[in-house]
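Comments concern the structure below.
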Amino acid sequence: MSAQRESIEIFRTVPLCFQGDMITAKEGEPVAAAILATHPDFTGKSPVSGRRRSPYCMMGLCFECLMEIDGIPNQRACVASVRMNMTVRKQIGTRSFSAGSK
Amino acid sequence: MRGESDTCSRTFDVLIIGGGVVGFSIGYGLLQRGVSVAILDGTDRDFSATRGNFGMVSVSNKGFNNIPYFRLSLASRNLWPSLADEVHDRSGINPHFEGRGKVYLSMGEQELADRVSHIQEFLLRAGDEYHQEILSKDDLDHLLGHVGLGDRVVGGAFSRLDGSVEPLQFYSGLFRAYLSQGGHYFSSQIVRKIVSKNASFSVQTPSDTFSAPKVVIASGLGTPPLASQIGLRLNVRPERGQIMVTERIERVFNYPISGFLRQNVEGTIMIGSSSEYNGFDDHTSVGVLTGLAKGAVERLPLLRFVQINRCWAALRPRTDDGYPIYQESQQRPGAFVVSCHSGITLAALHARLLPRWILDDVKDNLLQPFGTGRLQDECAT
Ligand SMILES: Cc1cc2nc3c(=O)[nH]c(=O)nc-3n(C[C@H](O)[C@H](O)[C@H](O)COP(=O)(O)OP(=O)(O)OC[C@H]3O[C@@H](n4cnc5c(N)ncnc54)[C@H](O)[C@@H]3O)c2cc1C
Ligand code: FES
């Protein structure tokens, strides 16, 4: 238990841009965890129902945590690890066909 | 899925063994005639083509070597809109039937030349009912909403005969519509024995016995051992198909692209399906999935940037010659076998035309060529 705790402690704190605001996150932690810790709100809107969604399973299965990460839409924020200087946005609705090609 | 565990009468007018799309299409159709129907189904662990298919209502590529099969598929296509509306009304679930047609893309001049002669020959064999026209690459690009076609696409074709549905929505809608019309459904009732006595059948599962004057075997891959109990010898082999599904993206192309690509109303793109014979193995394989992905990107290069979210494999029940079987037992009249390779395409025909055959002994002309007799003839020659 304490060894685990220590291994978390050694992660660097890095800046992350969320919806234009700078927040701090631990390098290597799931992006979803960093967002939930600072903005416990919705992370996207379903393209089918238009309803607000946020991370649910935190293990890559439910696709409820989709966000735009570094310009790439529909990324599962729970399996993306925080790196230095990431830009993360809420995923609102469907992405365009050509979005990923830029 | 919901099951019944009632202790009341287990006697019905018709028992259907198998609760895939074939069993439910027939069951739904029978209920419109006011008879009592029970579907006995296996478990969620059974093979189920119904839960893993591509959702095409395919006509223009059916029956090149067997025109009655083309006509059967076309008749079903024409019955689809009314079935889709009914299922929607009675279940509240929209199966999203779309009957605008489908596009074929030809990769290289040879493929295009082959397609030209294939269409000419098909028209000769099937007559005016057939439709497929060659289109230039520009026309195809226009039809597909300028998604951008790959360099190797040199042209292709369009047929207005085809359509598509959302296969899972259709299945759950059909299931609910069936229940709303008073149909009975029993899951985890794997039928072991069919016994006939006094113009009635008694159908036995490990836990229960059901009876009815009519029995329909529509058990997919589980059909042969049951059919042999009513004196019908036939094979149903597993033909594996693999499918990939992408993330949801904006609606980009309105027509399915034959044998490869289709976009669901909710935005996911289905890529598939393969066709392989690998026994009862229903796992995916990297080699086949890689091939599907390459084929898709070759046709629509922008797909390169779209993520794959899920992959799966399922087994199609395939008869010896690939054509459907509609056969009543001569030894045990009142017992029927129905098996087919394209249960989505034929769903509307099954709902509308099979009840008369099962209840009134009137077998529509369209169904006549598809008894088991042809298979025996084939074995003999
Ligand atoms: C990858 C793939 C893509 C496909 N694409 C298309 C397509 O685009 N268009 C199209 O028209 N078709 C398509 N198909 C084919 C279509 O899915 C099948 O033809 C159809 O689902 C067959 O339905 P079924 O009810 O006969 O069999 P199944 O769906 O396999 O159902 C059989 C049922 O019988 C039950 N059962 C078996 N044995 C017993 C027993 N002893 N007692 C009680 N119950 C029993 C099982 O539990 C099961 O529920 C595709 C299939 C696959 C695999
Ligand atoms: S929270 Fe379920 S996939 Fe991310």
Which members of the stretch B:52-98 meet the condition of being hydroxyl-bearing (Ser, Thr, Tyr) and more than 14 Å from B:Leu174 (Cβ to Cβ)? B:Ser58, B:Ser60, B:Tyr69, B:Ser73, B:Ser76
Quick one: would you say B:Ala227 is over 22 Å from the mean Cα position of the chain (by Cα) and either within 12 Å of ligand 1 (Cβ to nearest atom) or over 30 Å from B:Val59 (Cα atoms) (or both)? no
Leading residue by the ranking (farthest from ligand 2 (Cβ to nearest atom)) among those in the stretch B:19-56 that are aromatic (Phe, Trp, Tyr) and surrounded by 24 or more Cβ atoms within 10 Å (Cβ to Cβ): B:Tyr28
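Table: residues versus (1) among the aliphatic types (A, V, I, L, M); (2) away from ligand 2 (no atom under 16 Å from the Cβ); (3) in the same structural domain as B:Val35 (by TED's automatic domain parsing).
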residue: B:Asn264; (1), (2), (3): no, yes, no
residue: B:Ile269; (1), (2), (3): yes, yes, no
residue: B:Glu276; (1), (2), (3): no, yes, no
residue: B:Gln327; (1), (2), (3): no, yes, yes
Any idea which residue in the stretch A:24-34 is farthest from ligand 2 (Cβ to nearest atom), counting only those that are over 20 Å from A:Gly93 (Cβ atoms) and among the hydrophobic types (A, V, I, L, M, F, W, C)? A:Ala25
Could you list, in sequence order, the residues of the stretch A:35-66 that are assigned to a strand (DSSP E or B), in contact with a Phe, Trp or Tyr (Cβ under 9 Å, 6 or more places away or on another chain) and within 13 Å of ligand 2 (Cβ to nearest atom)? A:Arg53
When residues of the stretch B:264-298 are limited to those that are within 14 Å of chain A (Cβ to nearest Cβ), over 22 Å from A:Gly60 (Cβ atoms) and at pLDDT 95 or above, the one nearest to the chain's Cα centre (by Cα): B:Ala296
Is one or more of the residues making up the stretch A:87-100 more than 16 Å from ligand 1 (Cβ to nearest atom), at pLDDT below 95, within 30 Å of B:Gly148 (Cα to Cα) and of a type in the set (Lys, Arg)? yes
Sole exception among (1) out of contact with any Leu (no Cβ under 7 Å at 6 or more places or on another chain); (2) more than 14 Å from chain A (Cβ to nearest Cβ); (3) in a loop (DSSP other than H, G, I, E, B) for B:Val252, by number: (2)
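Residue-wise test of (1) out of contact with any Asp or Glu (no Cβ under 8 Å at 6 or more places or on another chain); (2) within 11 Å of chain B (Cβ to nearest Cβ); (3) within 27 Å of B:Gln263 (Cα to Cα).
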{"site": "A:Glu27", "(1), (2), (3)": "yes, no, no"}
{"site": "A:Ile35", "(1), (2), (3)": "yes, no, no"}
{"site": "A:Arg53", "(1), (2), (3)": "no, no, yes"}
{"site": "A:Gln91", "(1), (2), (3)": "no, yes, yes"}
{"site": "A:Ser96", "(1), (2), (3)": "no, yes, yes"}
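The values are calculated or read from the model by the stated rules, or taken from the named source; none is laboratory data. Note that this is a predicted model, so its numbers are computed, not measured. All Cβ positions, even for glycine, are placed from backbone atoms using ideal geometry, and neighbour counts span all protein chains on display.
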